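> Pasting a structure below so you can have a look.
The values are calculated or read from the model by the stated rules, or taken from the named source; none is laboratory data. The structure displayed is predicted, hence computed values, not measured ones. Positions of Cβ are generated from backbone atoms using ideal geometry, with glycine treated the same way; all protein chains shown enter the neighbour counts.
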Amino acid sequence: MEPYRKAGPAVILFRHDVNKPMNQKYRFSDEKLREIESSDVAYAVYQVVDKRVVTLALSGGFIEMFEVPKEKLYAIMDKDMFINVHPDDLARCQNDAYYFAIHPEETYSTSYRIKLSKDDYYVILRSQGKHKTMEDGTDVCIVWYTKSAVSADEINLRANVQEKREIDLLRKENSLIKKTYYDVLTGLPNMIHFLQLADTALMDAEKEGRSFTMMAFDLIGMKYFNSKYGLDEGDRLLYAFADILRHHFGNESSSRFGEDHFYAFTTEENVEDDLNNVFTELKSANDGKNLPVKVGIYKYSKHDLPISTICDRAKMASDHDNQAYVSKFVYFNEEMRIAVNKRDYVLQHLDQALEEKWIQVYYQPIMRAVTGLICNEEALARWIDPKLGMISPGDFIPIIEEAKLLYKLDLYVIDQVLEYIKKYRDGSVIHVVPVSVNISRYDFVYCDMVSEILKRVEKSGVSPRYLVIEITESVMEMDLRFILEQINRLQKNGFKVWMDDFGSGYSSLNVLKNFDFDLIKLDMKFMRDFGKNVKNEGIVRKIIEMAEQLGVDTLAEGVETEEQLEFLKDIGCDKVQGFLYSAPNPLDEIIKRNKLGIGLHRENIDEAEFYDLIGQASLMDAEINGDAGMLVSETFAGIGIGILEYDGAETYRLMRANTAYKEYVSALYEREIKVTDSMSYSKLDRDRIYEKSVKRCLKSGNWETAYDIAFTNEYKLHTNTRIFAQDKVTGAYALLVVITSEKRIEAVENYEYAVPPVQDLDLQTERAMLERSNVMDNAIIRIAKHLNTFEDYNVSMNHVLMELSNVISPDRICIFEKVENRVTNSFEWCRKGIMSQKEFIGELEYEKYFKVWVDMSEEGRAVIIDNIAQLKLAARDVYYQLRWMGVKRIIMAPVYSKDEIIGFIGAENYRLDEAEDTEFILSSVSVFLSFRIANSTLVHRLVYMADHDSLTSAHNRNAMIKKEAEFSAGEGSVGIVFIDINGLKETNDNFGHDEGDMLIIRAAKLISKHFGIEHLYRAGGDEFVVMMPDVDRYQFERKQYQFLQDLNSNDKINMASGFVWIPDRKNISEGIKEADRLMYEDKAKYYMTHDRRHKTS
């Protein structure tokens, strides 16, 4: 429900006379005042005194129009002149008025909606004004008013399109005003205007000996409120709260600084009574959907504080207690004053501290859980002040962040870290590991942080792999699309991006859903609460498991005990950090310890990928690791899974394992086996069955099975083993081992091992390969025949898939067709039990999701990806799309027609032991597919061209006519926009048609950005139509506002537009005509100031 406002008088105009002394109000003679108040013409006279608007005189016609007693109307005008204007028009009217008032050469003419005192509806009020200089030089404003008795509902119907158009035009014009003074949402003065008003009121209070109190208001839990109810409901709450402040303190004494931060001042003594009334009214505001508010109060006592400092102190008081979820007020006190002094010192000396290096970078090691080696360091700022000594980061960082200056510190730290890496990266003094630096969310707002990082890294010559970017979870409060772009920019340039303080906010799961971080860093509170609550350990375990499933590394900070460390290693946490290993230290101290041989040992950075892969492996579901195939069960509940580091001889080191696996090996060795413990199977593995399977595994690269491994006198085990990774430095292997079953030994003397002699195995393998080759060749011949008949295209393609499924055994086989810049999953075969992805995938962008296969293909052959983690850095979008689809490994072959890509054929989650066969048959079949797909693509193109504009990719007029007919037969609302490019002919005449085409393309992109390409139709040369079905009026008007804002800030294009929203789409034809008419009115206005004979800018 729209928060309509209480009745009252109209918007006013004013202008402060800067040449006259302040506080001098012009006074009409009694006779002149009676003359004005007896006039039947509705007008009013205003003046600015001390930057506030005062009413000098109201005519009888004006008083009659509002039907409010004269004395009461004068009082209302002096307290709140805007209380009756429609919320959507309020800020525009205030800004129009103020802009006019400070430009005496301007005249004033505007229209807006207003609700009069006894009416239940809004009317259109037209206002016209001019300045007049009185006999003593005082400048006043005279404004005349006329109203049109039209209800709010009628305003939006075609019966009153003139009035509606006038409002729309004024909204658009408003965006051209150079400076605004009122908040668009609430109509309260904005920060700059409020500070001017408050400063004047403070001076008056000092002169008159009155008190002056500043209040800062923060709604508690606004972020959660928006998440629960939506941004629109959040805006309604902000507006309702603004109304409450307006009622108690007056419009010109209240302000919204931004978000949910409000301020108000008063010269009255009973501020606590007013605030208690504010709390009471807030409980019932916005139809009961509301929040408590915390208020900070600063009572002015000194005479030398600027108004901005007074506001800051009120804000500090409001922020003093952030834990309570009740409405309350807090006075600024001595404790806060000390904090203010500290704040002032930090801000005043920040630049000096950076220049003179009072701020030093300390480094805290981050340890690899499975090796106990330093794998990363975190760079932390420490302020060592020559006067105050060590200033805690907990003191100075929040101050700098609140002042929006943290980007200076963060860039300084990055510079120091790059200097350290550059100096020592040759390894002669110390092995340099990647260093993580913390980036505030505000850094992205107050500078182009990504560009700054790239510039510094390039200048230093340091590889991006040495620098890790940590971003706090608070980025969720920022614009999602913007922060995603920044993270993608970093990752595409080779930086790893970590999420710091994961679990510190309510939005943690949204973080994993919306962002592709390389690592999540568990908030320190999890380790702080370790052992105090059994639920805490359960939560940490589940976070690690969830991250493992998503392929995201994990780091726990705040580790201080061996018990915590063993728990984290047991559940598979990749990295740990804390005082158990070391506190943060300056670089000189670290170098000194390293030279003395007493420092912690460091990881070779070239081994990092090896250990990262081990950390990312799943110990719950081997399929997540991109292998298993037919040799390993689909689920692994209760089965032991472990990862062993194997040196190629007889020694195995346990790197990771689930509980079941550790129980098995502990029972075998009759002692507790922990992660990083070394083992030898030579004594336990009778007849070396497991050793032989490992040797075969190293040779084949595939899964190898060992049957009936007699590890004890009572049990035999069956295992599957494959190479998971290899250390490029040491040559060691990481083996993924799955214990698939066990059985009791009946009699020791009857041991029979299922692994055949090597000689027999080789003969069987050779025979099987020959038979397999014949099967493959015959399948290719049958497929070629299917594709070279006159069989129906769809039938033929499905036959191809069935033939392929008879000779290879992936989860899914897909044939994709490329049309223009899109790729469609046209045909699909799925193994039994595998869900189809066809309807979920639909169309995908070629450049974003498929070009990578062409780039990786050698001579047109299929590309084999045996673990999609290989794509994480090179093709992140492809990696996350495949992961979302459940793809662990894939073979993809491009299909060419001459030199043009026309499609792809792929096999997902193929069997590793069929990798070569799958690659061979897909590469072969892609050649035969070429002719059939080329013909189909031609048909697709013809169909596409029939309904799409070739220049802009928008729908064409033919599609528009069909969609209009479809809408007219349906139900629901529709928003319509008719748009025409201004100056296209002039552009063509002056710069050529190529430039004209670029203008059309830019226009289509801008419109699509706000309304979606799927709703855009090119109706003619320079005309576009948008038809948005099932959009409510508020959403449509919001899109309209955002589009016009974007358009007016674009200096490369100018468009005329008409907007119409109709509740019943059956009337769409009339709506299009009306939008067209409104567009031509807008265009006529454009050409009033732009001669058609001259080129446009």
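> Under the condition of being in contact with a strand residue (DSSP E or B) (Cβ under 8 Å, 6 or more places away or on another chain) and surrounded by fewer than 15 Cβ atoms within 10 Å (Cβ to Cβ), which residue from region 552-592 is nearest to GLY531 (Cα to Cα)?
Top of the filtered list is ALA583.
> Among the residues of region 452-461, write down those that are in contact (Cβ under 8 Å) with a residue 40 or more places away in the chain, surrounded by fewer than 20 Cβ atoms within 10 Å (Cβ to Cβ) and not hydroxyl-bearing (Ser, Thr, Tyr).
Going through region 452-461, the residues in contact (Cβ under 8 Å) with a residue 40 or more places away in the chain turn out to be 452-453, 456, 460.
Okay, now just the ones that are also surrounded by fewer than 20 Cβ atoms within 10 Å (Cβ to Cβ), so 452, 456, 460.
If the condition is that a residue be in contact (Cβ under 8 Å) with a residue 40 or more places away in the chain, surrounded by fewer than 20 Cβ atoms within 10 Å (Cβ to Cβ) and not hydroxyl-bearing (Ser, Thr, Tyr), then GLU452, ARG456 are the ones that fit.
> Another question, then. Any residue in region 663-680 that is modelled with pLDDT of 80 or more, of a type in the set (A, V, I, L, M) and within 30 Å of TYR879 (Cα to Cα)?
no
> Of all the helices (runs of 4 or more DSSP H) wholly in region 794-863, which have at least 3 residues that are surrounded by 13 or more Cβ atoms within 10 Å (Cβ to Cβ)? Before you say what the answer is, go through the steps one by one.
On the way: elements: 838-841, 846-849, 851-856.
In region 794-863, the matching helices (runs of 4 or more DSSP H) lie at 846-849, 851-856.
> Further question: GLY578 - would you say it is in contact with a helix residue (DSSP H, G or I) (Cβ under 9 Å, 6 or more places away or on another chain) and among the small types (Gly, Ala, Ser)?
Values: in contact with a helix residue (DSSP H, G or I) (Cβ under 9 Å, 6 or more places away or on another chain): yes; among the small types (Gly, Ala, Ser): yes.
Answer is yes for this residue.
> I want to confirm something. Restricting to region 711-723 and keeping residues that are modelled with pLDDT under 80 and surrounded by 19 or more Cβ atoms within 10 Å (Cβ to Cβ), which single residue is nearest to ALA657 (Cα to Cα)? Walk me through how you get there before you give the answer.
Let us first name the residues in region 711-723 that are modelled with pLDDT under 80, namely 711-718.
Keeping just the survivors that are surrounded by 19 or more Cβ atoms within 10 Å (Cβ to Cβ) gives 711, 716-717.
Numbers: PHE711: 18, LYS716: 20, LEU717: 17 Å.
Per the stated criteria, the residue is LEU717.
> Please work out if PHE904 is assigned to a strand (DSSP E or B), closer than 17 Å to GLU919 by Cα and not hydroxyl-bearing (Ser, Thr, Tyr).
Considered against the rule, which asks whether it is assigned to a strand (DSSP E or B), closer than 17 Å to GLU919 by Cα and not hydroxyl-bearing (Ser, Thr, Tyr), PHE904 comes out as yes.
Quick grid of which residues meet (1) more than 16 Å from ASP80 (Cβ to Cβ); (2) within 32 Å of the chain's Cα centre (by Cα):
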| position | (1), (2) |
| --- | --- |
| TYR229 | yes, yes |
| HIS248 | no, no |
| PHE262 | no, yes |
| THR266 | no, no |
| GLY288 | yes, yes |
| VAL295 | yes, yes |
| SER301 | yes, no |
| LEU305 | yes, no |
| SER308 | yes, no |
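> To continue, here is another question. Go through region 120-157 and report how many residues are at pLDDT below 80 and of a type outside the set (Val, Ile, Thr).
Matching residues across region 120-157 total 12.
> How many residues are assigned to a strand (DSSP E or B) and at positive phi when one looks only at region 984-1031? Show your work before the answer.
Initial filter on region 984-1031 (assigned to a strand (DSSP E or B)): 1016-1018, 1023-1029.
Right, trim to at positive phi and you get none.
Of the residues in that region, 0 qualify.
> Checking THR266 against (1) surrounded by 13 or more Cβ atoms within 10 Å (Cβ to Cβ); (2) within 22 Å of GLU401 (Cα to Cα); (3) touching a strand residue (DSSP E or B) at 6+ places or on another chain (Cβ under 9 Å), only one condition comes out false. Which one?
(2)
> Being of a type in the set (D, E, K, R) and not in a loop (DSSP other than H, G, I, E, B) is the filter here, so list the residues in region 1045-1069 that pass it. Before the answer, list the steps.
Step one: list which residues in region 1045-1069 are of a type in the set (D, E, K, R), which gives 1046, 1051-1052, 1064-1066.
Of everything in region 1045-1069, those that are of a type in the set (D, E, K, R) and not in a loop (DSSP other than H, G, I, E, B) turn out to be ASP1046, ARG1065, LYS1066.
> On the basis of being β-branched (Val, Ile, Thr), surrounded by 21 or more Cβ atoms within 10 Å (Cβ to Cβ) and out of contact with any Ser or Thr (no Cβ under 7 Å at 6 or more places or on another chain), does ILE471 make the cut? Even if it seems obvious, please write down each step before you answer.
On the way: β-branched (Val, Ile, Thr): yes; surrounded by 21 or more Cβ atoms within 10 Å (Cβ to Cβ): yes; out of contact with any Ser or Thr (no Cβ under 7 Å at 6 or more places or on another chain): yes.
Against the criterion (β-branched (Val, Ile, Thr), surrounded by 21 or more Cβ atoms within 10 Å (Cβ to Cβ) and out of contact with any Ser or Thr (no Cβ under 7 Å at 6 or more places or on another chain)), ILE471 qualifies.
> Here's a follow-up. Restricting region 287-305 to residues that are outside any strand (DSSP E or B) and in contact (Cβ under 8 Å) with a residue 12 or more places away in the chain, which is nearest to GLU269 (Cα to Cα)?
As a first pass, look at region 287-305 and keep what is outside any strand (DSSP E or B): 287-292, 300-305.
From the residues that got through so far, the ones that are in contact (Cβ under 8 Å) with a residue 12 or more places away in the chain too are 287, 289-292, 300, 303.
Working: ASP287: 31, LYS289: 31, ASN290: 28, LEU291: 26, PRO292: 24, TYR300: 12, HIS303: 19 Å.
It comes out as TYR300.
> Here is a follow-up. Conditions first: (1) touching a helix residue (DSSP H, G or I) at 6+ places or on another chain (Cβ under 7 Å); (2) touching a residue at least 60 places away in the same chain (Cβ under 8 Å); (3) in a helix (DSSP H, G or I). GLY975 passes all but one, so which condition is the exception?
Here GLY975 clears every test but (3).
> Quick check on SER923: is it surrounded by 15 or more Cβ atoms within 10 Å (Cβ to Cβ) and in contact with a Gly (Cβ under 9 Å, 6 or more places away or on another chain)?
Values: surrounded by 15 or more Cβ atoms within 10 Å (Cβ to Cβ): yes; in contact with a Gly (Cβ under 9 Å, 6 or more places away or on another chain): yes.
Here the answer is yes, as SER923 does meet what is asked.
Residues are listed down the side, and each one gets a yes or a no for (1) part of a helix (DSSP H, G or I); (2) touching a residue at least 60 places away in the same chain (Cβ under 8 Å); (3) not assigned by TED's automatic domain parsing to the domain that holds ASP448:
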site: ARG465; (1), (2), (3): yes, yes, no
site: SER474; (1), (2), (3): yes, no, no
site: LEU484; (1), (2), (3): yes, no, no
site: GLN491; (1), (2), (3): yes, yes, no
site: SER504; (1), (2), (3): no, no, no
site: ILE543; (1), (2), (3): yes, no, no
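> Hey, could you check region 318-365 for residues that are touching a Leu at 6+ places or on another chain (Cβ under 8 Å) and among the aromatic types (Phe, Trp, Tyr) and say which is modelled with the lowest pLDDT?
TYR345
> Among the numbered criteria (1) among the hydroxyl-bearing types (Ser, Thr, Tyr); (2) closer than 22 Å to SER950 by Cα; (3) touching a helix residue (DSSP H, G or I) at 6+ places or on another chain (Cβ under 8 Å); (4) in a helix (DSSP H, G or I), which single criterion is violated by TYR1034?
Unmet for TYR1034, out of (1) among the hydroxyl-bearing types (Ser, Thr, Tyr); (2) closer than 22 Å to SER950 by Cα; (3) touching a helix residue (DSSP H, G or I) at 6+ places or on another chain (Cβ under 8 Å); (4) in a helix (DSSP H, G or I): (2).
> From the list PHE816, PHE790, pick out the single residue that is modelled with pLDDT under 85, more than 30 Å from the chain's Cα centre (by Cα) and assigned by TED's automatic domain parsing to the domain that holds PHE931. It would help to see each step written out before you state the result.
Numbers: PHE816 fails: modelled with pLDDT under 85.
The unique qualifying residue is PHE790.
> Going by the conditions given, is VAL85 surrounded by 18 or more Cβ atoms within 10 Å (Cβ to Cβ) and under 42 Å from the mean Cα position of the chain (by Cα)?
Values: surrounded by 18 or more Cβ atoms within 10 Å (Cβ to Cβ): yes; under 42 Å from the mean Cα position of the chain (by Cα): yes.
Taking the combined requirement at face value, the residue satisfies it.
> While we're on this one: Checking GLU458 against (1) among the charged types (D, E, K, R); (2) in contact with a strand residue (DSSP E or B) (Cβ under 9 Å, 6 or more places away or on another chain); (3) in a helix (DSSP H, G or I), only one condition comes out false. Which one?
With respect to (1) among the charged types (D, E, K, R); (2) in contact with a strand residue (DSSP E or B) (Cβ under 9 Å, 6 or more places away or on another chain); (3) in a helix (DSSP H, G or I), GLU458 is out only on (2).
> Check region 889-896 and report whether any residue there is crowded, with 21+ Cβ neighbours inside 10 Å and either of a type in the set (Asp, Glu) or part of a helix (DSSP H, G or I) (or both).
Step one: list which residues in region 889-896 are crowded, with 21+ Cβ neighbours inside 10 Å, which gives 889-895.
Of the ones still in play, those that are also either of a type in the set (Asp, Glu) or part of a helix (DSSP H, G or I) (or both) are none.
Scanning region 889-896 turns up no residue that is crowded, with 21+ Cβ neighbours inside 10 Å and either of a type in the set (Asp, Glu) or part of a helix (DSSP H, G or I) (or both).
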